[in-house]
Amino acid sequence: MLSPLVANLSLPQVLKIRPILLSAFVAALAFNASQAQLISPTVPAPDVPAAAATPAPAPAALPPIERLATEAQQALFKAADRVTGPAEAGTSIRPAGRKQSFSAPKVEDPATWAKDSHHKLALMQVKFGGTVEEIMFELYPQDAPQTVSNFLDNVETGAYNGLAFHRAIQGFIAQTGDPLTSDEAARERWGTGGEGKTVPAEIKRNHSKGAVAMGRKSDKVNPSKSSNGYQFYFSLGNYGSLDGKYTVFGQVVSGIEVLERISKMPVDSNDCPIARIELKSIKIMDHQGPMYVSAKSGNGDGRKFTKPAAARGPFERFLSRVW
């Protein structure tokens, strides 16, 4: 829409001032571009030391960069949240050769766990979209003892605290655990870290929806299928094509909807979320008996399991006794 000033001009007058308007428009675009460059740190080109990159001077009138980054991140998450429901048949994003199986493996219902049964659980806190969400999953030391032991060591040393989700594909997987993701400047190498430590393959369980498995290098360079010592992923479907190839060491109990939201976030050409999705912490706890369902809607079947007593704060434990 033309401004009132331009609308009142004759055609010859408009043509005369057109170069001036064009120059002003180009200048505005240049200013907006300088803001966008400051929202995300510039990654040095491959083989160029980081010190060689000279940052562009910030315009004096720019708002605080923290506020710009927050606003940009929230805009991304709001846009992704508008995407509801599964993709139409034939349009879901899946890497070639990975087909979703039609017969879902049977997963034990936590609400039916026996009273004298013992379970080792991991409670993971993830920060994204301005909030902190929780994902809880059971560990299987009986099926993958070395893998679970390595995972517990990583948790105990705080190796996962502050890392980011570096791969997210809607309807397929959400992956994290790469030590390199603690450094935003190393974004181009995200997904390649953690190879300093490997764990022998312990392939026994299937890739049901919510399965937790370790990442690894391809068979060409890793014929023994040894797992990466840090990276792990969540399966967002029942993928029989992955069975027998990766070590599954856990199963999501609550929070699968959080992982599905993560998988819908805008990503770059490497399937890496553009806005940082951070793994704040993981807490390990032992639980006995069944998991009780809260009134809130939650995991894929509309239920959300309550936290084990070991994961609750003093006020939460008091409420559970009162109510």
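The values are calculated or read from the model by the stated rules, or taken from the named source; none is laboratory data. All values derive from a computational prediction rather than experimental measurement. Glycine gets a Cβ as well: all are built from the backbone with ideal geometry, and neighbour counts include every protein chain shown.
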* Asked: Which pairs do you get when a residue that is closer than 18 Å to residue 238 by Cβ and in contact (Cβ under 8 Å) with a residue 60 or more places away in the chain, found in region 156-182, comes within reach of a residue that is in a strand (DSSP E or B) and aromatic (Phe, Trp, Tyr), reach meaning Cβ atoms under 8 angstrom, with the pair 6+ apart or on two chains?
  -> 173/233; 173/234; 174/233; 174/234
* Quick one: what pairs do we get from region 256-278, first residue more than 13 Å from residue 173 (Cα to Cα) and aliphatic (A, V, I, L, M), second at pLDDT below 95 and not in a loop (DSSP other than H, G, I, E, B), C-beta under 6 Å, 6+ apart or different chains? -> 275/73; 275/76; 277/128
* Complete set of residues in region 128-155 that are free of Cβ contacts under 8 Å to residues at least 12 places away in the same chain and either part of a helix (DSSP H, G or I) or farther than 22 Å from residue 276 by Cα (or both) -> 142, 149, 153
* Asked: residue 96: assigned to a loop (DSSP other than H, G, I, E, B), modelled with pLDDT of 90 or more and out of contact with any Leu (no Cβ under 7 Å at 6 or more places or on another chain), yes or no?
  -> no
* Structure fact -> Considering region 123-154, residues that are β-branched (Val, Ile, Thr) and over 23 Å from residue 107 (Cβ atoms), and then whichever is surrounded by the most Cβ atoms within 10 Å (Cβ to Cβ), we arrive at 132
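Pull up region 195-244, narrow it to residues that are assigned to a loop (DSSP other than H, G, I, E, B) and β-branched (Val, Ile, Thr), then point me to the one that is farthest from residue 170 (Cα to Cα).
221
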